[in-house]
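Structure first, commentary second.
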Amino acid sequence: MKTRWYKDAVFYQIYPRSFCDSNGDGIGDIRGIISKLDYLKDLGINAVWLSPVYKSPNHDNGYDISDYRDINPEFGTLEDFKEMLDEMHKRGIRLVMDLVVNHTSDEHYWFRESRKSKDNPYRDYYIWRKGRGKDGKKPPNNWTSRFTGSAWKYDELTNEWYLHLFGEKQPDLNWDNPKVRQEVIDICNFWLKMGVDGFRCDVITYISKREGLPMGKFNPVMCGDEHFVLGPKIHEYLKLVNSESWSKFDTMIVGEAIGCKVGDAESLIAEDRNELDSVITFELMEVDMKMNFFPVKLNLPKFKKVISDWQNLPANCWNTLYYENHDQPRSVSRYGSNLLVYRKEIAKMLAVSLHFLRGTPYVYQGQEIGMTNIYLEEKEYIDIMATQIFSIIRKVFPPLMPLARWAMSKRARDHARTPMQWSAKPGCGFTTGKPWMKINPNHADINVESDLKNPNSILNFYKELISLRKGNAIIRDGSYKLHFPKHKSLFVYERALEGKSYIVICNFKEKTVHLNAVDLKARGAELVISNYKDAPKHFTDGQTLRPFEARVYLKNG
Ligand code: NOJ
């Protein structure tokens, strides 16, 4: 019988390559994670989402798996993994693994077999088609890869093309083949029997493609979505894996749901659907980001509306709350301004705005110390998304390069992947060797060691917030109400249960804002937490919020 343990959980996401390196090779590893488990316990989190540690040639840093039942030697061994799992469980921390089954690596045994001949038993594990045009030299349709360019790669050996909705070394699996579905079930059961507590299912909304793979509506960047986002058999396939695997263990299954709008969510996550427990929505990320890579100014009313729409899902749905992960820029850089002066206030205000919402919050490594984006020269970007964008623009229209560089300076996934800043030492306490990726020079000021010592640090603020959530019925089950929806600077909401409510007020702007708050009927309510030491201890009808100030009051009755 499944419990809903994740409703009382705060997750911490580990991107293993950049978390902690135990052997000086410059790459984070499992023993490094083990060495930091006491730190995580002390932070108060009780579940970890671990980005992929499976065998992989790393064209997309582990999101291209070549063996689902083994650990990438860079990270350690299966024995190390079991020890880590055991040590997590001893500390009351659950482990949710990444499950990447929309695609594999082209170095996976199945694909190496599949490409050999049209009658190979593994041929139908992937999506192969003849090309268009007389000589078949045009891709089978106009769908695009999420990393730019065509989603098809021609393979000379059999004169056919294979589909890859991400990099060309990430061929899409053919879920319409029952053998593929059985493989996925077996993989899940392999890890769940070992004691893993669930999965974060990578791009799970893409697994079912429309029959015939029709041409997509013209769109030079993201073409074909209408034929594979929440495709025709998605529910059938999720129900199958759920009944044959996930539901047999006490799991939490969260799906990365690109393209899933709030109106689609219920069909995937309502408890009686027996599909997923929750989804990672992109709607919030899209408010200030177009086509997944182009930054635009934040429109706060729209931002609040998206959050509120998701908060208002029916009671049998559960939310995933996040501002950061390994694919998103650092939230202080993204939503804040004037970081030299206000970085701490911004980080704490953002934490408040998220951690009082209904759902399971995720803290991405480094977010708890307010890590920022990094400045990179063009040649210093490593990630496939930025490098592909640069190479296509250089080829197709070089005058756009300055714009592309500007966009990547704000949006590249590299920003989230710089090594975790443990200390001010060279190597930032992450490694004693040469780090696989540039370390942010600001680790001299921004690091765990100094935050641990400072009672007013972002880290200590996170600890307070996380402990405040524990067993807190108002935060877990209370109703949600957005106040002042059109306000351009303030995000104000109320969470209420059985006559008590939290009033959460967050100033998202650098300027001081006055609010007539008489309608909130909260006069005298007591201050629970704030990122300014001298915030008024009791609620008054006139509220003056300083730059990036956050205040939470508890109202009785
Ligand atoms: C989403 C993952 O979060 C991202 O890092 C990856 O590149 C794509 N899916 C493809 O697996």
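Computed from the coordinates by the stated procedures, all read-outs in this text should not be read as laboratory data. Computed from a prediction, not measured in an experiment: that's the story for all the values here. Using ideal geometry, Cβ is built from the backbone for each residue, glycine included, and neighbour counts are taken over all protein chains shown.
Remarks
- Rounded, prolate or oblate (a/c below 1.5 giving rounded, otherwise prolate when a/b exceeds b/c) for the chain by Cα gyration tensor: prolate
- A crude spin-label estimate for the pair K500 and T3, with each label 7 Å from Cα along the Cβ direction, gives 2.2 nm.
- By the beta-carbon count within 10 Å of each Cβ, the least crowded to most crowded order of T158, T512, fewest first, is T512, T158.
- With 28 Å as the limit on Cα-Cα distance, the pairs of K41/K453; K138/K217; K138/K239; K239/K297; K2/K500; K193/K239 that go past it are K138/K239; K239/K297; K2/K500.
- With θ taken as phi - 60° and the Karplus curve 6.51 cos²θ - 1.76 cosθ + 1.60 applied, the whole-hertz 3J(HN,Hα) list for the stretch 287-297 is 4, 10, 8, 9, 6, 6, 9, 10, x, 10, 4 Hz, x standing for glycine and proline.
- The aspartates and glutamates within cross-link reach of K90, meaning a Cα-to-Cα straight distance under 16 Å and a gap of 8 or more places when in the same chain, are D38, D42, D80, D197.
- Nearest 10 degrees, 0 to 90: helix 339-355 Cα axis against the chain principal axis: 80 degrees
- Working note: Karplus 6.51/-1.76/1.60 with θ = phi - 60° gives the stretch 215-229 the couplings 4, x, 4, 3, 6, x, 9, 10, 10, x, 3, 5, 9, 9, 7 Hz, where Gly and Pro are set to x.
- Sum of -39500 (n - 2.57) over DSSP H runs of 4+, divided by residues of the chain (222 nm, nearest 500): -8000 deg cm²/dmol
- The residue list H538, L527, F548 was ranked by how far each Cα lies along the charge dipole of the stretch 477-556 toward its positive end, using unit charges on Cβ atoms, and F548 comes out on top.
- The stretch 103-172: C-alpha gyration tensor shape, a/c 1.5 cut-off, then a/b vs b/c: oblate
- Computed over the alpha-carbon pairs of the stretch 505-557, the distance histogram in 5 Å steps reads 5, 22, 31, 27, 11, 2, 0 percent, short to long.
- Cross-link check: pairs K169/K209; K470/K509; K344/K511; K304/K511; K410/K509 evaluated at a Cα-Cα cut-off of 21 Å; pairs beyond the cut-off: K470/K509.
- Amide H to amide H, with H built 1.01 Å from N, L321 comes under 5 Å of T360, Y362, counting only residues 5 or more places away or on other chains.
- Angle between the chain longest axis and helix 300-311 axis [Cα atoms, degrees, rounded to 10]: 80 degrees
- Among K248, K486, a tally of other beta-carbon atoms within 10 Å of each Cβ gives an order, fewest to most, of K486, K248.
- Amide hydrogen proximity for V528: with H placed 1.01 Å from N in the peptide plane, the residues at 5 or more positions away or on another chain lying under 5 Å are V552, Y553, L554.
- In this structure, the amide hydrogen of R94, modeled 1.01 Å from its nitrogen in the peptide plane, lies closer than 5 angstrom to those of A47, V48, counting only residues at least 5 positions away or on a different chain.
- Angle between the chain longest axis and helix 178-194 axis [Cα atoms, degrees, rounded to 10]: 50 degrees
- Toward the positive end of the charge dipole of the stretch 103-172, with +1 on the Cβ of Lys and Arg and -1 on the Cβ of Asp and Glu, the farthest Cα among Y162, W110, N120 is that of Y162.
- Derived scalar couplings ³J(HN,Hα) [the stretch 431-447; Karplus, 6.51 cos²θ - 1.76 cosθ + 1.60; whole Hz; x for Gly, Pro]: 8, 9, x, 8, x, 5, 9, 3, 8, 5, x, 6, 5, 4, 9, 9, 7
- Lys, Arg +1 and Asp, Glu -1 on Cβ, resulting dipole of the chain about Cα centre, debye, nearest 20: 1660 debye
- Counting DSSP beta bridges with both ends in the chain, the antiparallel % (nearest 5): 60 percent
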